[in-house]
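Everything below concerns the one structure shown next.
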Amino acid sequence: MLDVSDNQQSLPSFLITIDTEGDNLWSQPKEVTTENSRYLPRFQQLCEKYSLKPTYLTNYEMARCPVFQEFGRDVLARGTAEIGMHLHAWDMPPNHPLTAADLAAQPYLIEYPDEVMCAKIQVMTETLEQTFGVKMVSHRAGRWAFDERYARILREQGYLLDCSVTPYLSWRTSMGDPSRSGGQDYSQFPTTAYFLKPDDIRSPGESSLLEVPVTTLPKPGPFAKPLRRNYYRLPRGVRGVVNRLIPLYWFRPNGHNVDQMLAILDVIRAEKGDYVEFMLHSSEFMPGCNPRFKTEADIDRLYADMERVFAAAKDTFYGRTMHEYYDHFCARPGRTKPVI
């Protein structure tokens, strides 16, 4: 590995998280395929061009995909990426039907009994560790569904960090089990990294698990942050006005938001932020394998947008995997790594 100057080491981190999963899961397929694994090398090459290191948060079908296994072992051997864990509860062992049609409902892991949650996390962790020969330390929940029980089991399994929190956003209207209350509400959660409080994952505390929220920011302006914080408490008509005047920016390309992503970089620089966290799904690199990027031309535009963003960050951010960010965060003056 090349030596880097102290100045580079002090730059905010550019984090890339890829939910590495089967093909077009938005379509609720009865049989999950993994053809999108063949499209990852192009993305990896782009990242390496800009000295960025993705973390591939990998679910069960991709962990068992020979094409992805070969790809993952290569990037690990070269030190150019990290493999982490991503869990879709509805179609992995141990089998535990939760609804009349789990493949359609795609229930959240946090809707299962504790013992089933624990067993699924253990199976997923062991599958990845046995396949790739490295300890799993980074995690993102499937469908963004995370809670205190989930955090406790991750700590027990030796995970160091989670990146499931999406600040300013609520998933309450996104159903899993139709008899339950929907996903997690993150609208009041912190926007920067913090060690979780064991009995309240919304609050900083003294647990061993570091939460690294995805980068979501409201369009800069007066009262923008408090309005977006309280967005889900507003009447529906007012929400429409807020959406028009103060849209929420994701650091996640959608084919139309490259200027918003560049604006996020500007905000992080201006506010002397510690990191920016990019996310995408592996299937979004394959044309027709997702709702957004349906043609080869769409994919080419996606890559053009990503190249603009990566180039804009080149001299003012430093590429790290999630595990490297954890070590960097813990190495701050006056901070020690928590006891696992």
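When 22, 84 are checked against the criterion of being in a loop (DSSP other than H, G, I, E, B) and either touching a Ser or Thr at 6+ places or on another chain (Cβ under 6 Å) or modelled with pLDDT of 95 or more (or both), a single residue qualifies: 22.
Taking first residues from the range 116-143 that are closer than 15 Å to residue 155 by Cα and partners that are of a type in the set (Lys, Arg), the Cβ contacts under 8 Å between residues at least 6 apart in sequence or on separate chains come to 117/149.
Looking at the structure I just gave you, is residue 284 among the acidic types (Asp, Glu), more than 12 Å from residue 13 (Cα to Cα) and under 21 Å from the mean Cα position of the chain (by Cα)? Answer is yes for this residue.
Among the residues of the range 305-329, the one identified as free of Cβ contacts under 8 Å to residues at least 12 places away in the same chain and in a helix (DSSP H, G or I) is 327. Screening the range 170-279 for helices (runs of 4 or more DSSP H) wholly inside it with 3 or more residues that are surrounded by fewer than 14 Cβ atoms within 10 Å (Cβ to Cβ) returns the ranges 236-245, 258-270. Pairs are defined by a Cβ separation below 8 Å, a sequence spacing of at least 6 or placement on different chains, a first member in the range 189-215 that is closer than 15 Å to residue 163 by Cβ and in contact (Cβ under 8 Å) with a residue 40 or more places away in the chain, and a second member that is in a strand (DSSP E or B) and small (Gly, Ala, Ser); the pairs so defined are 196/203. Being of a type outside the set (Phe, Trp, Tyr), more than 23 Å from residue 282 (Cα to Cα) and assigned to a helix (DSSP H, G or I): is that true of residue 123 here? So residue 123 does not fit the description; no.
I need the full set of residues from the range 60-81 which are of a type in the set (Gly, Ala, Ser), in contact (Cβ under 8 Å) with a residue 24 or more places away in the chain, out of contact with any Leu (no Cβ under 7 Å at 6 or more places or on another chain) and assigned to a helix (DSSP H, G or I), in order please. Result: 72, single match.
Of all the criteria given as (1) farther than 22 Å from residue 233 by Cα; (2) crowded, with 21+ Cβ neighbours inside 10 Å, the one not satisfied by residue 129 is (2).
Checked against the criterion of being part of a strand (DSSP E or B) and over 24 Å from residue 126 (Cβ atoms), the candidates 11, 57, 15, 52 yield just one match: 15. Scanning the range 90-126 for residues that are buried (at least 17 other Cβ atoms within 10 Å of the Cβ), of a type in the set (Val, Ile, Thr) and more than 22 Å from residue 173 (Cα to Cα) yields 121, 125.
Of the residues 150, 112, 108, the single one that is at pLDDT 95 or above and either closer than 18 Å to residue 62 by Cβ or touching a strand residue (DSSP E or B) at 6+ places or on another chain (Cβ under 7 Å) (or both) is 150.
The values are calculated or read from the model by the stated rules, or taken from the named source; none is laboratory data. Because the structure is a prediction, the values reported are computed rather than measured. Because the Cβ atoms are built from the backbone with ideal geometry, glycine has one as well, and the counts that use them run over all protein chains shown.
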